[in-house]
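Structure first, then comments.
The values are calculated or read from the model by the stated rules, or taken from the named source; none is laboratory data. No experiment lies behind these values; they were computed from the predicted model shown. Every residue, glycine among them, receives a Cβ derived from its backbone with ideal geometry; neighbour counts consider all protein chains shown. The area values use the complete protein model at the heavy-atom level, side chains included, leaving out ligands, DNA and RNA. Shrake-Rupley method; radii C 1.70, N 1.55, O 1.52, S 1.80 Å.
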2 protein chains.
Amino acid sequence: MPQGVPVHVPADGLTTRQRRNRALVVVHTGAGKGKSTAAFGLALRGWNQGWAVGVFQFVKSAKWKVGEESVLRTLGRLHAETGEGGPVTWHKMGEGWSWIQREGTQEDHAEAARQGWEQIKRDLAAETYRVYVLDEFTYPMKWGWVDVDEVVAVLRDRPGSQHVVITGRDADPRLIEAADLVTEMTKIKHPMDAGQKGQRGIEW
Amino acid sequence: MPQGVPVHVPADGLTTRQRRNRALVVVHTGAGKGKSTAAFGLALRGWNQGWAVGVFQFVKSAKWKVGEESVLRTLGRLHAETGEGGPVTWHKMGEGWSWIQREGTQEDHAEAARQGWEQIKRDLAAETYRVYVLDEFTYPMKWGWVDVDEVVAVLRDRPGSQHVVITGRDADPRLIEAADLVTEMTKIKHPMDAGQKGQRGIEW
(Lines give C-alpha, C1' and ligand atoms only; values in the text may rest on other atoms or scores of the structure.)
Protein backbone atom coordinates (compact mmCIF):
# COMPACT_ATOMS: atom_id res chain seq x y z
CA MET A 1 0.00 0.00 0.00
CA PRO A 2 1.30 3.45 -0.80
CA GLN A 3 1.65 5.98 1.98
CA GLY A 4 -1.44 8.11 1.73
CA VAL A 5 -1.78 11.85 1.87
CA PRO A 6 -4.29 13.06 4.46
CA VAL A 7 -7.42 14.37 2.79
CA HIS A 8 -7.54 17.26 5.21
CA VAL A 9 -5.57 18.59 8.15
CA PRO A 10 -7.76 18.88 11.24
CA ALA A 11 -7.87 22.04 13.33
CA ASP A 12 -7.21 20.11 16.54
CA GLY A 13 -4.29 22.19 17.75
CA LEU A 14 -1.88 19.23 17.48
CA THR A 15 1.41 19.23 15.61
CA THR A 16 1.76 16.69 12.80
CA ARG A 17 4.13 14.72 15.01
CA GLN A 18 1.72 14.67 17.95
CA ARG A 19 -1.12 13.63 15.68
CA ARG A 20 1.04 11.01 14.05
CA ASN A 21 1.89 9.34 17.33
CA ARG A 22 -1.57 9.56 18.85
CA ALA A 23 -2.44 6.11 20.13
CA LEU A 24 -5.16 4.35 18.17
CA VAL A 25 -8.32 2.41 18.85
CA VAL A 26 -8.51 -0.19 16.08
CA VAL A 27 -11.56 -2.38 15.35
CA HIS A 28 -11.60 -5.50 13.14
CA THR A 29 -15.16 -6.58 12.54
CA GLY A 30 -17.31 -8.40 9.95
CA ALA A 31 -18.10 -12.05 9.25
CA GLY A 32 -14.90 -12.81 7.30
CA LYS A 33 -11.63 -14.42 8.38
CA GLY A 34 -8.55 -12.56 9.50
CA LYS A 35 -9.93 -10.30 12.23
CA SER A 36 -7.94 -11.87 15.06
CA THR A 37 -5.01 -12.85 12.87
CA ALA A 38 -4.52 -9.25 11.75
CA ALA A 39 -4.86 -8.08 15.37
CA PHE A 40 -2.15 -10.49 16.49
CA GLY A 41 -0.06 -9.15 13.61
CA LEU A 42 -0.32 -5.68 15.14
CA ALA A 43 0.76 -7.18 18.46
CA LEU A 44 3.81 -8.64 16.72
CA ARG A 45 4.72 -5.26 15.29
CA GLY A 46 4.46 -3.84 18.78
CA TRP A 47 6.68 -6.64 20.13
CA ASN A 48 9.20 -5.78 17.43
CA GLN A 49 9.20 -2.16 18.66
CA GLY A 50 10.01 -3.42 22.15
CA TRP A 51 6.54 -2.56 23.44
CA ALA A 52 4.74 -4.43 26.21
CA VAL A 53 1.91 -6.45 24.67
CA GLY A 54 -1.21 -7.57 26.54
CA VAL A 55 -3.64 -10.02 24.95
CA PHE A 56 -7.09 -10.51 26.48
CA GLN A 57 -8.79 -13.48 24.89
CA PHE A 58 -12.54 -13.38 25.45
CA VAL A 59 -13.10 -16.77 23.81
CA LYS A 60 -11.57 -19.88 25.22
CA SER A 61 -11.00 -22.61 22.73
CA ALA A 62 -8.91 -25.74 22.58
CA LYS A 63 -7.84 -25.18 19.00
CA TRP A 64 -8.51 -21.75 17.55
CA LYS A 65 -5.64 -19.31 17.82
CA VAL A 66 -3.28 -21.85 19.35
CA GLY A 67 -0.72 -20.89 16.69
CA GLU A 68 -0.87 -17.20 17.53
CA GLU A 69 -0.71 -17.89 21.22
CA SER A 70 2.27 -20.18 20.84
CA VAL A 71 4.19 -17.70 18.69
CA LEU A 72 3.47 -14.71 20.92
CA ARG A 73 4.40 -16.69 24.03
CA THR A 74 7.62 -17.79 22.29
CA LEU A 75 8.44 -14.16 21.50
CA GLY A 76 7.66 -13.16 25.08
CA ARG A 77 10.02 -15.87 26.33
CA LEU A 78 12.68 -14.66 23.87
CA HIS A 79 12.29 -11.18 25.35
CA ALA A 80 12.70 -12.53 28.89
CA GLU A 81 15.82 -14.46 27.88
CA THR A 82 17.57 -12.04 25.53
CA GLY A 83 15.87 -8.65 25.91
CA GLU A 84 14.84 -8.77 22.26
CA GLY A 85 11.43 -7.27 21.44
CA GLY A 86 8.94 -6.58 24.22
CA PRO A 87 7.25 -8.55 27.02
CA VAL A 88 4.05 -10.46 26.22
CA THR A 89 1.22 -11.23 28.63
CA TRP A 90 -1.61 -13.51 27.54
CA HIS A 91 -4.88 -13.45 29.49
CA LYS A 92 -7.64 -15.97 28.93
CA MET A 93 -10.86 -14.86 30.48
CA GLY A 94 -11.85 -17.20 33.30
CA GLU A 95 -10.02 -20.07 31.55
CA GLY A 96 -13.10 -22.33 31.78
CA TRP A 97 -15.10 -19.64 30.02
CA SER A 98 -16.38 -20.06 26.49
CA TRP A 99 -18.90 -18.12 24.48
CA ILE A 100 -20.28 -21.32 23.01
CA GLN A 101 -21.04 -22.19 26.61
CA ARG A 102 -19.82 -25.76 26.81
CA GLU A 103 -19.34 -25.43 30.54
CA GLY A 104 -20.77 -23.22 33.25
CA THR A 105 -23.88 -21.10 33.24
CA GLN A 106 -24.39 -18.02 31.14
CA GLU A 107 -24.11 -15.91 34.29
CA ASP A 108 -20.67 -17.43 34.97
CA HIS A 109 -19.57 -16.39 31.51
CA ALA A 110 -20.97 -12.90 31.91
CA GLU A 111 -19.16 -12.55 35.22
CA ALA A 112 -15.87 -13.78 33.71
CA ALA A 113 -16.20 -11.24 30.90
CA ARG A 114 -16.91 -8.45 33.37
CA GLN A 115 -13.87 -9.42 35.43
CA GLY A 116 -11.77 -9.36 32.26
CA TRP A 117 -12.98 -5.86 31.48
CA GLU A 118 -12.22 -4.72 35.05
CA GLN A 119 -8.66 -6.02 34.60
CA ILE A 120 -8.34 -4.13 31.31
CA LYS A 121 -9.53 -0.94 33.00
CA ARG A 122 -6.92 -1.34 35.74
CA ASP A 123 -4.19 -2.00 33.17
CA LEU A 124 -5.17 1.01 31.05
CA ALA A 125 -5.16 3.24 34.15
CA ALA A 126 -1.73 1.88 35.14
CA GLU A 127 -0.42 2.00 31.53
CA THR A 128 0.66 -1.62 31.90
CA TYR A 129 0.93 -2.27 28.14
CA ARG A 130 1.58 -0.26 25.00
CA VAL A 131 -0.56 -2.56 22.82
CA TYR A 132 -3.77 -4.29 23.90
CA VAL A 133 -5.50 -6.99 21.87
CA LEU A 134 -9.07 -7.44 23.15
CA ASP A 135 -9.89 -10.52 21.13
CA GLU A 136 -13.59 -11.22 20.48
CA PHE A 137 -14.46 -8.41 22.86
CA THR A 138 -17.42 -7.33 20.70
CA TYR A 139 -19.46 -10.31 21.98
CA PRO A 140 -19.66 -9.41 25.70
CA MET A 141 -20.67 -5.93 24.56
CA LYS A 142 -23.26 -7.32 22.15
CA TRP A 143 -24.75 -9.52 24.86
CA GLY A 144 -24.96 -6.64 27.33
CA TRP A 145 -22.43 -8.14 29.73
CA VAL A 146 -20.11 -5.16 29.36
CA ASP A 147 -21.52 -1.66 28.86
CA VAL A 148 -20.57 -0.15 25.50
CA ASP A 149 -20.81 3.44 26.69
CA GLU A 150 -18.42 2.67 29.52
CA VAL A 151 -15.96 1.00 27.13
CA VAL A 152 -16.07 4.03 24.83
CA ALA A 153 -15.53 6.44 27.75
CA VAL A 154 -12.63 4.39 29.19
CA LEU A 155 -10.94 4.19 25.79
CA ARG A 156 -11.44 7.92 25.17
CA ASP A 157 -9.96 8.87 28.55
CA ARG A 158 -7.10 6.36 28.67
CA PRO A 159 -3.80 8.00 29.63
CA GLY A 160 -0.49 7.96 27.76
CA SER A 161 0.13 6.22 24.46
CA GLN A 162 -1.75 2.91 24.52
CA HIS A 163 -2.98 1.27 21.33
CA VAL A 164 -6.10 -0.88 21.68
CA VAL A 165 -7.24 -3.40 19.07
CA ILE A 166 -10.72 -4.93 19.42
CA THR A 167 -11.93 -7.85 17.30
CA GLY A 168 -15.21 -9.65 16.73
CA ARG A 169 -18.35 -9.56 14.61
CA ASP A 170 -21.13 -7.02 15.02
CA ALA A 171 -19.12 -4.18 16.54
CA ASP A 172 -21.48 -1.69 18.15
CA PRO A 173 -21.94 1.56 16.16
CA ARG A 174 -20.82 3.56 19.21
CA LEU A 175 -17.54 1.62 19.26
CA ILE A 176 -17.06 2.17 15.52
CA GLU A 177 -17.72 5.88 16.02
CA ALA A 178 -15.12 6.00 18.80
CA ALA A 179 -12.47 4.05 16.90
CA ASP A 180 -9.72 5.58 14.77
CA LEU A 181 -9.27 2.67 12.35
CA VAL A 182 -12.05 0.22 11.47
CA THR A 183 -11.76 -2.61 8.97
CA GLU A 184 -14.55 -4.98 8.02
CA MET A 185 -13.50 -8.46 6.94
CA THR A 186 -16.04 -9.90 4.49
CA LYS A 187 -16.24 -13.52 3.45
CA ILE A 188 -16.16 -13.89 -0.32
CA LYS A 189 -15.53 -17.62 -0.40
CA HIS A 190 -14.77 -20.20 2.28
CA PRO A 191 -13.71 -23.88 2.00
CA MET A 192 -16.58 -24.85 4.32
CA ASP A 193 -18.90 -23.85 1.48
CA ALA A 194 -17.31 -26.70 -0.45
CA GLY A 195 -17.62 -29.18 2.41
CA GLN A 196 -14.17 -28.63 3.87
CA LYS A 197 -13.61 -28.29 7.61
CA GLY A 198 -10.97 -26.23 9.39
CA GLN A 199 -7.45 -27.57 9.37
CA ARG A 200 -4.17 -27.46 11.24
CA GLY A 201 -1.86 -24.57 10.33
CA ILE A 202 -4.64 -22.65 8.62
CA GLU A 203 -7.38 -22.26 11.21
CA TRP A 204 -5.26 -22.77 14.30
CA MET B 1 -15.61 -18.05 15.82
CA PRO B 2 -17.49 -21.30 16.25
CA GLN B 3 -16.49 -24.31 14.20
CA GLY B 4 -18.88 -24.38 11.29
CA VAL B 5 -20.79 -27.27 9.85
CA PRO B 6 -20.30 -27.72 6.09
CA VAL B 7 -23.43 -26.65 4.22
CA HIS B 8 -23.09 -29.65 1.92
CA VAL B 9 -20.76 -32.58 1.42
CA PRO B 10 -19.33 -32.62 -2.10
CA ALA B 11 -19.35 -35.73 -4.29
CA ASP B 12 -15.60 -35.44 -5.00
CA GLY B 13 -14.65 -38.96 -3.99
CA LEU B 14 -12.46 -37.70 -1.12
CA THR B 15 -12.71 -38.84 2.47
CA THR B 16 -13.44 -36.14 5.05
CA ARG B 17 -9.86 -36.40 6.23
CA GLN B 18 -8.44 -35.99 2.73
CA ARG B 19 -10.71 -33.06 2.10
CA ARG B 20 -9.84 -31.54 5.43
CA ASN B 21 -6.12 -31.58 4.76
CA ARG B 22 -6.32 -30.42 1.16
CA ALA B 23 -3.89 -27.56 0.75
CA LEU B 24 -5.51 -24.18 0.23
CA VAL B 25 -5.16 -21.20 -2.03
CA VAL B 26 -6.08 -18.19 0.11
CA VAL B 27 -6.66 -14.67 -1.23
CA HIS B 28 -6.83 -11.48 0.89
CA THR B 29 -8.06 -8.61 -1.24
CA GLY B 30 -9.98 -5.32 -0.94
CA ALA B 31 -8.95 -1.75 -0.10
CA GLY B 32 -8.92 -2.20 3.69
CA LYS B 33 -6.07 -2.86 6.09
CA GLY B 34 -4.96 -6.25 7.34
CA LYS B 35 -4.50 -8.17 4.07
CA SER B 36 -0.77 -8.71 4.51
CA THR B 37 -0.89 -8.78 8.29
CA ALA B 38 -3.42 -11.63 8.25
CA ALA B 39 -1.30 -13.45 5.64
CA PHE B 40 1.80 -13.19 7.83
CA GLY B 41 -0.36 -14.50 10.66
CA LEU B 42 -1.02 -17.64 8.61
CA ALA B 43 2.72 -17.92 8.02
CA LEU B 44 3.23 -17.78 11.80
CA ARG B 45 0.74 -20.59 12.31
CA GLY B 46 2.65 -22.61 9.76
CA TRP B 47 5.94 -21.85 11.54
CA ASN B 48 4.32 -23.04 14.76
CA GLN B 49 3.45 -26.33 13.02
CA GLY B 50 7.11 -26.74 12.09
CA TRP B 51 6.41 -26.03 8.43
CA ALA B 52 8.85 -24.40 6.02
CA VAL B 53 7.63 -20.88 5.26
CA GLY B 54 8.51 -18.91 2.13
CA VAL B 55 7.60 -15.23 1.82
CA PHE B 56 7.79 -13.52 -1.57
CA GLN B 57 7.41 -9.80 -1.14
CA PHE B 58 6.41 -8.12 -4.38
CA VAL B 59 6.63 -4.64 -2.92
CA LYS B 60 9.87 -3.32 -1.61
CA SER B 61 9.55 -0.63 0.99
CA ALA B 62 11.77 0.89 3.62
CA LYS B 63 9.06 0.91 6.26
CA TRP B 64 5.95 -1.12 5.56
CA LYS B 65 6.00 -4.62 6.92
CA VAL B 66 9.35 -4.23 8.62
CA GLY B 67 7.75 -5.53 11.84
CA GLU B 68 6.47 -8.70 10.19
CA GLU B 69 9.77 -9.27 8.43
CA SER B 70 11.73 -8.82 11.64
CA VAL B 71 9.49 -11.17 13.62
CA LEU B 72 9.46 -13.89 10.97
CA ARG B 73 13.23 -13.66 10.52
CA THR B 74 13.61 -13.89 14.31
CA LEU B 75 11.44 -17.01 14.35
CA GLY B 76 13.45 -18.47 11.46
CA ARG B 77 16.67 -17.82 13.39
CA LEU B 78 15.11 -19.45 16.47
CA HIS B 79 14.35 -22.51 14.35
CA ALA B 80 17.94 -22.64 13.10
CA GLU B 81 19.30 -22.37 16.64
CA THR B 82 16.88 -24.55 18.60
CA GLY B 83 14.82 -26.55 16.09
CA GLU B 84 11.66 -24.86 17.35
CA GLY B 85 9.03 -24.11 14.73
CA GLY B 86 9.93 -24.20 11.04
CA PRO B 87 12.49 -22.55 8.73
CA VAL B 88 11.65 -19.15 7.24
CA THR B 89 12.88 -17.77 3.92
CA TRP B 90 12.13 -14.17 2.97
CA HIS B 91 12.42 -13.11 -0.65
CA LYS B 92 12.25 -9.51 -1.77
CA MET B 93 11.68 -9.18 -5.44
CA GLY B 94 14.65 -7.51 -7.12
CA GLU B 95 15.42 -5.62 -3.87
CA GLY B 96 15.58 -2.29 -5.72
CA TRP B 97 12.10 -2.95 -7.05
CA SER B 98 9.10 -0.95 -5.97
CA TRP B 99 5.61 -0.71 -7.35
CA ILE B 100 5.57 3.01 -6.70
CA GLN B 101 8.56 3.08 -9.02
CA ARG B 102 10.93 5.32 -7.17
CA GLU B 103 13.87 3.74 -8.93
CA GLY B 104 14.36 1.88 -12.16
CA THR B 105 12.17 1.74 -15.22
CA GLN B 106 8.80 0.08 -15.36
CA GLU B 107 10.31 -2.65 -17.52
CA ASP B 108 12.88 -3.35 -14.78
CA HIS B 109 10.04 -3.81 -12.31
CA ALA B 110 8.10 -6.04 -14.66
CA GLU B 111 11.19 -8.18 -15.20
CA ALA B 112 11.82 -8.44 -11.44
CA ALA B 113 8.24 -9.54 -10.88
CA ARG B 114 8.50 -12.15 -13.63
CA GLN B 115 11.71 -13.49 -12.12
CA GLY B 116 9.99 -13.72 -8.75
CA TRP B 117 7.16 -15.71 -10.27
CA GLU B 118 9.66 -18.05 -12.01
CA GLN B 119 11.26 -18.68 -8.62
CA ILE B 120 7.87 -19.44 -7.08
CA LYS B 121 7.13 -21.92 -9.88
CA ARG B 122 10.43 -23.70 -9.25
CA ASP B 123 9.76 -23.82 -5.51
CA LEU B 124 6.23 -25.16 -5.97
CA ALA B 125 7.52 -27.85 -8.31
CA ALA B 126 10.23 -28.79 -5.81
CA GLU B 127 7.84 -28.53 -2.83
CA THR B 128 10.36 -26.23 -1.12
CA TYR B 129 7.86 -24.77 1.36
CA ARG B 130 4.64 -25.82 3.02
CA VAL B 131 3.30 -22.24 3.24
CA TYR B 132 3.85 -19.51 0.64
CA VAL B 133 2.99 -15.87 1.21
CA LEU B 134 2.90 -14.06 -2.14
CA ASP B 135 2.57 -10.57 -0.76
CA GLU B 136 1.06 -7.92 -3.07
CA PHE B 137 1.18 -10.44 -5.91
CA THR B 138 -2.14 -9.20 -7.31
CA TYR B 139 -0.40 -6.12 -8.74
CA PRO B 140 1.98 -7.80 -11.22
CA MET B 141 -1.06 -9.79 -12.39
CA LYS B 142 -3.18 -6.65 -12.67
CA TRP B 143 -0.50 -4.88 -14.69
CA GLY B 144 -0.10 -7.82 -17.05
CA TRP B 145 3.47 -8.56 -16.00
CA VAL B 146 2.53 -12.07 -14.86
CA ASP B 147 -0.16 -14.06 -16.70
CA VAL B 148 -3.20 -14.79 -14.53
CA ASP B 149 -4.16 -17.94 -16.42
CA GLU B 150 -0.68 -19.34 -15.92
CA VAL B 151 -0.81 -18.54 -12.20
CA VAL B 152 -4.17 -20.30 -11.88
CA ALA B 153 -2.90 -23.36 -13.76
CA VAL B 154 0.32 -23.58 -11.73
CA LEU B 155 -1.60 -23.29 -8.46
CA ARG B 156 -4.15 -25.89 -9.58
CA ASP B 157 -1.46 -28.39 -10.58
CA ARG B 158 0.97 -27.83 -7.70
CA PRO B 159 2.11 -31.12 -6.14
CA GLY B 160 1.86 -32.24 -2.52
CA SER B 161 0.40 -30.20 0.29
CA GLN B 162 1.43 -26.57 -0.23
CA HIS B 163 -0.68 -23.69 1.08
CA VAL B 164 -0.47 -20.47 -0.93
CA VAL B 165 -1.65 -17.08 0.38
CA ILE B 166 -1.88 -14.18 -2.08
CA THR B 167 -2.51 -10.59 -1.00
CA GLY B 168 -3.27 -7.30 -2.72
CA ARG B 169 -6.12 -5.18 -4.01
CA ASP B 170 -8.11 -5.93 -7.13
CA ALA B 171 -7.62 -9.71 -7.24
CA ASP B 172 -8.49 -10.99 -10.71
CA PRO B 173 -11.86 -12.81 -10.90
CA ARG B 174 -10.07 -15.89 -12.30
CA LEU B 175 -7.84 -15.99 -9.22
CA ILE B 176 -10.85 -15.61 -6.92
CA GLU B 177 -12.58 -18.43 -8.79
CA ALA B 178 -9.53 -20.66 -8.36
CA ALA B 179 -9.04 -19.87 -4.65
CA ASP B 180 -10.46 -21.89 -1.76
CA LEU B 181 -10.71 -19.06 0.77
CA VAL B 182 -11.20 -15.43 -0.20
CA THR B 183 -11.61 -12.55 2.24
CA GLU B 184 -12.18 -8.94 1.29
CA MET B 185 -10.87 -6.33 3.71
CA THR B 186 -12.99 -3.19 3.50
CA LYS B 187 -12.05 0.15 4.96
CA ILE B 188 -14.75 1.52 7.24
CA LYS B 189 -12.69 4.26 8.84
CA HIS B 190 -9.02 5.21 8.68
CA PRO B 191 -7.00 7.72 10.71
CA MET B 192 -5.75 9.33 7.47
CA ASP B 193 -9.33 10.48 6.96
CA ALA B 194 -8.81 12.55 10.10
CA GLY B 195 -5.44 13.91 8.99
CA GLN B 196 -3.29 11.27 10.69
CA LYS B 197 -0.34 9.64 8.96
CA GLY B 198 0.99 6.12 9.41
CA GLN B 199 2.96 5.43 12.56
CA ARG B 200 5.57 3.13 14.07
CA GLY B 201 4.23 -0.12 15.52
CA ILE B 202 0.90 0.22 13.75
CA GLU B 203 1.67 0.55 10.07
CA TRP B 204 5.13 -1.02 10.14
Q: Would you mind telling me which numbered condition in (1) modelled with pLDDT under 90; (2) more than 7 Å from chain A (Cβ to nearest Cβ); (3) open to solvent by less than 10 Å² (accessible area, probe 1.4 Å) residue B:31 fails?
A: (3)
Q. Do we find a residue being open to solvent by 40 Å² or more (accessible area, probe 1.4 Å), at pLDDT below 90 and closer than 24 Å to residue A:200 by Cα anywhere in segment A:39-51?
A. no
Q: Any residue in segment A:35-59 that's facing chain B (nearest Cβ under 7 Å): show its pairings with residues that are among the aromatic types (Phe, Trp, Tyr) and assigned to a helix (DSSP H, G or I) at Cβ separation under 7 Å, as long as the two are six or more apart or on different chains.
A: A:41/B:40
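Answer with yes or no whether residue A:133 is of a type outside the set (Asp, Glu), touching a residue at least 12 places away in the same chain (Cβ under 8 Å) and touching a Pro at 6+ places or on another chain (Cβ under 7 Å).
When the stated conditions are applied, residue A:133 does not pass them.
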(Q) Given the condition at pLDDT 65 or above, closer than 20 Å to residue B:47 by Cα, at the interface with chain B (Cβ under 9 Å from one of its Cβ atoms) and touching a strand residue (DSSP E or B) at 6+ places or on another chain (Cβ under 7 Å), answer yes or no: does some residue in segment A:9-27 qualify? (A) no
Q: Kindly indicate the residue of segment B:140-167 that is polar (S, T, N, Q) and part of a loop (DSSP other than H, G, I, E, B) and also most open to solvent (accessible area, probe 1.4 Å) among those meeting that condition.
A: B:161
Q | segment B:121-139, residues that are surrounded by fewer than 24 Cβ atoms within 10 Å (Cβ to Cβ) and under 21 Å from residue B:86 (Cβ atoms) | A | B:122, B:123, B:124, B:125, B:126, B:127, B:128, B:130
